[in-house]
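Just so it is clear, none of the values below were taken in a lab; they were calculated from the coordinates. Please read all numbers here as calculations on a predicted model, not as lab measurements. Heads up, the Cβs are rebuilt from the backbone with ideal geometry, glycines too, and the neighbour counts pull from every protein chain shown.
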Amino acid sequence: MCSMRMAGAAVLAIGLLATGCVKKAKYESALADVARLEEGLSACKGDKKVLGQDLRDCQGAREEALAKIDALIGRLRDLNQDVSRLEDERATLSMNLEVAETRARELERQRQLAQARIDTFRRLLDRFRSMIESGQVEVKVERGRMVVKMPSSILFDSGKTDIKPEGQDVLSRITQVLAEIPDRTFQVEGHTDDQPIKTSRFPSNWELSTARATEVVKFMVSQGMPAGRVSAAGYAEFAPVAVNDSQDGRALNRRIEVVLLPNLDELPDLSELRARAGGE
């Protein structure tokens, strides 16, 4: 456009001079136009420079925009990774929450069972109070088990397994109380001191302690204890409660214990452990 404007001005000036009828004022005006055209040409040249600068600026802006786009793509990729990680963490937290709730339920169940055992123990103490005060029985909690203890001297003569009348009275009262405890099984355990016995019937204290426990079980069944809820075991001298270096200590070790066995539903829930071990 600038070149067309310059060419037109030059033609006009030449034409005016050729006619010979150009007045001074018009001549000077034409010169002024030529000057203006030259300024325009310079401006056009300057416009090209400005346009080149604009192109360079535009290229720079384009490169900057592309760099920003790359940065945004990278940020988007990072955000996607963050979202994936957060989803994994949420799944883990959900699993942990489920495990915690299961454990909380199990702890609450165990608390309720423990409270039930405490209530049962208190009832036993109340029911056996007179026998406890007379020294006929002891009621204790040992190794998490409720145990009713009777000295062998109340039940048996030395080296014998026949229950004495006094012992029968005590066992009958004990059986009546224990049989009323619902959903419970009992184990009668026979214990001796460390003095060896060796007869044709009892070659060792194992046989003596087991035979005494068996006689107590039979008597309890005869007094109304369901046979499926009671069993017998003999420990001989291997579970002492006192040192066998005195008569008093040996007397404490010669005893019969009736143990209230825990129900299966009182045991901890091992399903999670079994699952981890690959069980069914």
Are there trypsin sites (Lys or Arg not before Pro) in the range 186-252 that DSSP puts in a loop and that have at most 10 other Cβ atoms within 10 Å, and which ones? Lys198, Arg201
If you average the alpha carbon positions of the range 58-103 and of the range 107-175, how far apart do those two centres end up, in angstrom? 66
I'd like the FRET efficiency for Ala239 and Leu93, computed as 1/(1 + (r/R0)^6) with the beta carbon distance as r and R0 of 51 Å, rounded to 0.05. 0.55
With 10 angstrom as the radius, rank Met146, Met95 by how many other C-beta atoms surround their C-beta, starting from the fewest. Met95, Met146
Residues Leu76, Leu252 in order from fewest to most other beta-carbon atoms within 10 Å are Leu76, Leu252
If you plug each phi of the range 218-235 into the Karplus form 6.51 cos²θ - 1.76 cosθ + 1.60 with θ = phi - 60°, what whole-Hz ³J(HN,Hα) values come out, in order, with x for Gly and Pro? 4, 5, 4, 5, 5, 9, x, 6, x, 4, x, 10, 9, 9, 10, 8, x, 10
Inter-probe distance in nm under a simple model that places probes 7 Å from Cα toward Cβ, at Arg111 and Ala227: 4.4
Report, in listed order, any pair from Lys160/Lys198; Lys149/Lys198; Lys140/Lys198 with a Cα-Cα distance greater than 24 Å. Lys149/Lys198; Lys140/Lys198
Can you give the extra length, in nm with one decimal, that the chain gains between Lys160 and Ala104 once fully stretched, where that is 0.36 nm per residue apart less the Cα-Cα distance? 15.0 nm
So the FRET efficiency between Asp183 and Arg129, C-beta based with R0 = 22 Å and rounded to 0.05, is 0.35
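What ranking of Ile118, Ile197, Ile132 emerges when the number of other C-beta atoms within 10 Å of each C-beta is taken as an exposure proxy, fewest first? Intermediate values should be presented prior to the final figure.
Numbers: Ile118 12, Ile197 18, Ile132 15.
Neighbour counts put them in this order, fewest first: Ile118, Ile132, Ile197.
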